Structures are given as structure tokens and as C-alpha cells.
Amino acid sequence: MEAILLVGGQGTRLRPLTISTPKPLLPTAGAAFLAHQLARAHAEGVERIVFATSYRAEMFEAAFGTRAHGVELAYVSEDEPLGTGGAIRNAARALTSGPDDPVLILNGDILSGHDVRAQVKMHEEAGAAVTLHLTEVDDPSRFGCVPTDDQGRVTAFLEKTPHPVTNQINAGCYVFRRSAVDTIPEDEVVSVERETFPALIASGAPVMGYVESAYWLDVGTPEAFVRGSRDLVLGTLASPAMPGEPGERLVLPGASVAAGAVVRGGTTVGRGAVVEPGATVIGSVLLDDAFVAEGATVRDSVLSRGARVGHGAVLEGVVLGDGAVVGPGNELRGGLRVWPGIELPPTAVRFSADT
Ligand code: GTP
């Protein structure tokens, strides 16, 4: 089976991490985020993937070439971003599938443990134009929701509302009949969520909802990115692309963790990164050459390349951009983001969302 992988977004919610690296290439549990998706897609029977690129397009081919994790790869780039639907239509010119073949479409920022083969089986048995993976969430008011009838057919594709009619939401993985892609207008900016799906449903085309609430995470925000990395390291979601066994921590070659340091909770320590004695790092992502000094505490945070945390400083739920420096004695909490290269002098900040 062939797939299209949507990877052209700017990843604005993940800034400053996405200033230099597109979201799908961010190092996650010791590999580029996409490596986990490619390996999982291969395990689910996908043989060829067309990347729909736009933002920093050249970095994808440089990272993966023409074959990776058992999958043959091709690249189609947009001069101007065409949105999710326009990107699918544009990338379809590189597909080799026949008109009735199923083609898988994947958002490039989703970690999902659902059964893709079962989704494709439902699609084929129903003779559907499109079959969406739907997942159930506790609070559907934060998402658009997707009701289905008792045959599994999608009855509406609804915008976000305070009173959702179902807790089923679009999980960002679709099976399209190859010919259904051609209903998307060519060379136009189109949103598959806001335009293509509502139009297909309104036209009476068979659109099915495959409901499975396996592990599912949209890594679009810093909190979710940290959680995704942690879940892969801990083995909550198994990934054939992880360079090591699941456990409390993943320490990459060339990293240095002092004997007296506490590093756990699914933390990744990147190449050349250093954690000094007496430091505590829990559930966090330390990218290459990051540094945590003696007595510092880092929890649920991301330290980008070369970022440094000084003696006794405390970080909780914080993102440090490339080369950012937090001087000794600072306390940073509650979603604070420090832009690349910024240096906070000693004890300059004592910030908590609660105070
Ligand atoms: P935010 O800016 O933080 O919302 O992230 P994003 O740019 O990734 O947008 P969003 O999460 O809505 O995108 C869902 C998926 O579609 C992601 O995998 C994006 O990379 C991809 N995507 C979004 N817009 C485009 C586009 O115009 N072209 C292509 N090729 N992919 C896109």
C-alpha cells in the first residue's frame, strides 16, 4: 500500500523548537519524530510513502533519502503551502496506485498505536470513498467532532463547539480511495478538515469512521511533544525506531550522566549532553550538547541543542531554545519558553503560573 505523509506545516505552536527544525524532524526518543511513524507504517503494511513538504522542504530528503525503515520514499514540495487538502492533491501526482486502490494519508505529527490494517479492511468492505480513523476523548469540546451512524458511516464533520454531540474526534489518519483524491481542486489552498470532508459527506459519498481508541497523541504543543517522547522511552507506545530498550531513561552514545544524578520518568539524554552529580531530570527531553549543572532540577521540559541550566536552577514544564542559558538559582515554571541564545543571569527569574 502507498501513503502520503503531510509534513509541510510550520509548527507554530511548537516554537521555538521549530524555528530551525520542522516539527516532524524534531529528535524524539533518540530518532527523528518521523522515524517512529515510518517504522510503524512499515509494520502496518505500507511499502511506499510520498512526503508532502513545504516548510523547510529540503531537510526531509536530506534526513531520509529514498528508503528508510523498510519504506520507499518520494518527495513532492509545494512552492506555497496548499493546506492539508491541497497538499494531498499535489502529492498524489507521485502515487503509482490504481484508481480503486486504498491510499493512506497520515498527519506528520500524530503518534498512534491503532490498527491500520483493520481501518483499511473496513474501508474496502464498505466500498468507501474515505475512511477516517476516529478516536474517543474525554473532552471533545476542544476538538471538532465526527458522529457516525450504527453502520459506522460518518453523518457530519462538525466544527469545535461547547456542546459536542459525540466524543469521537478526527485522529488525523485517513484511507482514501485513490480516485477520491481527485475530488480535491488542483493548485488551490484547501483544508481537508474544513472543506473536503464536509463536501464529500454533503454529496452523499460513502465516508466511514473507523473508531479505535488505542494510544493516540497529537504532538503539536510542547507539553504533548514532551509526553510523546516520554511515552516512547517508557514503552507506553512501542516503536521499532527507538535506539534502545524501553525504560526510565534513554541515554544516547556520547552523553554523560553522573553517578549521583537522578534521571528517570522517560527522559532522553542526547549525544554530548551532560547531567552533573546531584542534578534531577524527570520526564524531559535533553537534546544534543544540553547541560544540567549540579543541584538543578528539570521536570517535563525540553532543553534544545546546547541549552544550559545553571547550578540549583529549577525548570518545570519549560522549553529552552538552542543555546539558551538559565543562570544559577532561577525558577521557571508553567509553560515558559526561552528563545534561542537568550541568557538569564543568576536568580533573575522566579516564575510560577500559580504565583
Ligand atoms: P501549527 O502551526 O502549530 O498548528 O502546526 P502545523 O503547521 O503542523 O499545522 P497542523 O497541526 O494543523 O497540521 C497537520 C498536519 O498537516 C501536519 O503534519 C502538518 O505538517 C501538515 N500540514 C499543515 N499544513 C500543510 C500545508 O500547507 N502543506 C503540507 N504539505 N502539509 C501541511
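Look through Ala180, Ala261 and report the one residue that is more than 21 Å from the chain's Cα centre (by Cα), surrounded by 15 or more Cβ atoms within 10 Å (Cβ to Cβ) and not assigned by TED's automatic domain parsing to the domain that holds Met122. Show your work before the answer.
Working: Ala180 fails: not assigned by TED's automatic domain parsing to the domain that holds Met122.
Residue meeting the stated conditions: Ala261.
For residues in the stretch 145-170 being under 18 Å from Ala128 (Cα atoms) and outside any loop (DSSP other than H, G, I, E, B), which is nearest to the ligand (Cβ to nearest atom)?
Filtering the stretch 145-170 for residues that are under 18 Å from Ala128 (Cα atoms) and outside any loop (DSSP other than H, G, I, E, B), the one nearest to the ligand (Cβ to nearest atom) comes out as Asn170.
Pull out all pairs, ordered by first then second residue, where Cβ-Cβ is under 8 Å, the residues are six or more apart or on different chains, the first lies in the stretch 103-116 and is closer than 12 Å to Asn170 by Cβ and within 10 Å of the ligand (Cβ to nearest atom), and the second is of a type outside the set (Phe, Trp, Tyr) and in a loop (DSSP other than H, G, I, E, B).
Qualifying pairs under 8 Å: Ile110/Val219.
Exactly one condition in (1) modelled with pLDDT of 95 or more; (2) surrounded by fewer than 16 Cβ atoms within 10 Å (Cβ to Cβ) is false for Glu80; which is it?
Condition (1) is where Glu80 drops out.
Right, Ala92: assigned to a helix (DSSP H, G or I), in the same structural domain as Leu14 (by TED's automatic domain parsing), among the aliphatic types (A, V, I, L, M) and over 19 Å from the mean Cα position of the chain (by Cα) or not?
Numbers: assigned to a helix (DSSP H, G or I): yes; in the same structural domain as Leu14 (by TED's automatic domain parsing): yes; among the aliphatic types (A, V, I, L, M): yes; over 19 Å from the mean Cα position of the chain (by Cα): yes.
Against the criterion (assigned to a helix (DSSP H, G or I), in the same structural domain as Leu14 (by TED's automatic domain parsing), among the aliphatic types (A, V, I, L, M) and over 19 Å from the mean Cα position of the chain (by Cα)), Ala92 qualifies.
Would it be correct to say that Ala126 is within 14 Å of the ligand (Cβ to nearest atom) and either farther than 24 Å from Gly228 by Cβ or among the acidic types (Asp, Glu) (or both)? Steps first, please.
Values: within 14 Å of the ligand (Cβ to nearest atom): no; either farther than 24 Å from Gly228 by Cβ or among the acidic types (Asp, Glu) (or both): yes.
When the stated conditions are applied, Ala126 does not pass them.
Just to be sure I understand, how many residues within the stretch 1-43 are farther than 17 Å from Leu217 by Cβ, assigned to a loop (DSSP other than H, G, I, E, B) and either away from the ligand (no atom under 14 Å from the Cβ) or not assigned by TED's automatic domain parsing to the domain that holds Leu73 (or both)?
Count: 3.
With Thr221, Thr267 as the choices, which residue is of a type in the set (Ser, Thr, Tyr) and closer than 28 Å to Arg142 by Cα?
On the way: Thr267 fails: closer than 28 Å to Arg142 by Cα.
The unique qualifying residue is Thr221.
The values are calculated or read from the model by the stated rules, or taken from the named source; none is laboratory data. This structure is a prediction, so every number in the text was calculated from the model and none was measured. Cβ: placed from backbone, ideal geometry, glycine included. Neighbour counts: every protein chain shown.
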